1. Along the Cα→Cβ direction, 7 angstrom out, place labels at ASP244 and ARG99. What is the inter-label distance in nm?
2. For GLU302 and ALA325, what does the FRET efficiency come to when R0 = 22 Å and r is the distance between their Cβ atoms, rounded to the nearest 0.05?
3. Once the piece of chain linking ARG140 and LEU45 is laid out straight, how much longer is it, given 0.36 nm per residue of separation minus the C-alpha distance between them?
4. Report the full-extension gain for the segment ASN423 to ILE471: residue separation times 0.36 nm, less the Cα-Cα distance, to one decimal in nm.
5. Between VAL276, THR323, ALA287, whose Cα lies farthest towards the positive end of the dipole of the range 265-343 when Lys and Arg beta carbons carry +1 and Asp and Glu beta carbons carry -1, centred on the Cα centre?
6. Where does the charge balance sit around GLY169 when Lys and Arg score +1, Asp and Glu -1, over other residues with C-beta under 11 Å from its C-beta?
7. Placing +1 at every Lys and Arg Cβ and -1 at every Asp and Glu Cβ, with all other atoms neutral, what dipole size does the chain have around its Cα centre, in debye to the nearest 20?
8. At a 10 Å Cβ-Cβ cut-off, how would you order THR77, THR493, fewest neighbours first?
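Every number in this text was worked out from the coordinates using simple rules, so none of it is lab data. Keep in mind that this is a model prediction, so the values were computed, not measured. In this analysis, Cβ positions are derived from the backbone assuming ideal geometry, glycine residues included, and neighbour counts consider all displayed protein chains.
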Amino acid sequence: MLSDREKEIVNLVNSGGGSAVRQLAEYFDVTEATIRRDLRKLENLQLLERTHGGAVPAGAGLGLLQQQVEDSTMGATDALILAPVQNNASHTLRERTLRKNIPFLAESCPQDGAIYLGPDNYEAGYLLGQWTGEQFLRARVDGTPAYVLDITQNKFPNTRERSRGFKDGIRAVLDNRLHIESIDGGGLYSNVYQVVADALRLHPEINIMFGINDDSILAGMQAYLDLNRNPDQLIAVNVGVEGDTVIRALTAENPLAACVGLFPDAVARLAIAAIVHLWNGEEIGDAVMTPYALLTADNVNEYYRETRDGWAAIPEAWTRLRTPAWVADVSPLAEAREVSFVILYRTHEWYQNLARAMARYAADLNIRFTVRDLAADLNNEIRELRRLIGKMAASLIQDGDTVLLDTGIPTSNITQFIQDRQNLTVITNSLDVFQRLHRSENLKLILTGGEYDPESGSFTGRGAHLLLNEIRVDKAFLVAGGISTDFGISSVTMAEAELRRTMIRAAREIIVLADHTVLDSESNYHVATLDSADILVTDSGIWASQRLAFSQMGIEVLVAGEVEDHD
């Protein structure tokens, strides 16, 4: 259901052919961040299209507003290769590329106006599904049913197709002996590990595991083993083979039985060759289909050879699989040109190896090659918001206060703004906070002690509780893993939640620190109801409705980085 403001935004955008964020913010007397949140929601409902600086009617493209957007990264490039990235920055790059009429390849996932570069994801999944079904029949001659955990990623069509193909392939073999549970792991190791662990606790009968990429299957297997499940009872398979990690797993003693390899070296060579042909005005069709092959411990040496530096692809192997004839007919350019590769996760082994191979092939052809990681842009934005939250929270600390600083990035950011306070006592369970403050001579610093958690850099457990139960502080600054009107304040781990409850009991005033990404979200463990909080310090991404809801509960909401309107 749309709010009155959201309905009027749609009317204004459609009637006027487009509106800028600043104009809408002034019209509704709200922050620009609030308008951006509204536009994101309305675009998801396909009621309009967001641009870099505003919005246009759905289906209208970028219009005049978008034509004014300047992007230095795209200013000089002569071709774009775009990974599956769905955000405003990638939208800007895509539209500018189409307007400039330069070669545009969509890596892994089809995109409007681009030539697709990647495998037939459904066929690859189907091939693996059939093999897995046949392998299961050979291993389980006693008639045991197959219980499949499909670790997918619903956000992108390519990963959805891999899962769909795998499920159709294994159904074709096992038919009524098959049960499938699908979960969305998001494609990242840390996310996958937790959701798979939860799924395995709920479905201990799982005996087949499919992952849409390397991170998915590696995290899934680790979660399985960490729950002390029998590795001999699991058949694990995936699509990917992004680098050495999965090849080593495939050739070792573990549940990984087979993978569909996508050969990043082959994709890189095809991409650079395709762009050269497009620069030459030649037709290559609307898709560059890349090779794939089913790999097991028995045949991996046909496609990869082990070297001192790791496993290296054998080009002669993948060129025989599915390679267009024109790939070999490429000569170095007489005049240097530039290719930009835009990715989302630079730390993914796939993108590390793909970018490295593209750079190598490009250099051989007198092509400048650049990589841009859009995740870094988002991470930088969130990092800056958390710094501003820490700065505003620090302004609440006065000379002579006794304060309790929880573990987390916002509380670590507080430290740089309180070093000039006089007669200040700081109690913390955060090793990072302690290390940042321990040289300050004008404050008293107390570390709670307790059981150290290296992942969070915090002390929890009985020792920390004993100290906190014996003290009384003026203000406690808590970092929320999630905060909502229904579930209240929540934390990722039970140990964190229990300690934060003790912190609340020890303080006269409770100040909760939460950037807008955790508002209206619920983490794993309940800490306390919202009426425990006196002040919420957040950033300008908070919605007006959220701000009102928190205020109506008696919580003072302080917005870091908010620019006040002046008449």
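1. The answer from the label model is 4.4 nm.
2. That gives a FRET efficiency of 0.45.
3. That pair, ARG140 and LEU45, stretches by 29.5 nm at full extension.
4. Contour length minus the Cα-Cα distance gives 15.6 nm.
5. THR323
6. Within the 11 Å Cβ shell, the charges total +1.
7. Rounded to the nearest 20 debye, it is 420 debye.
8. THR493, THR77
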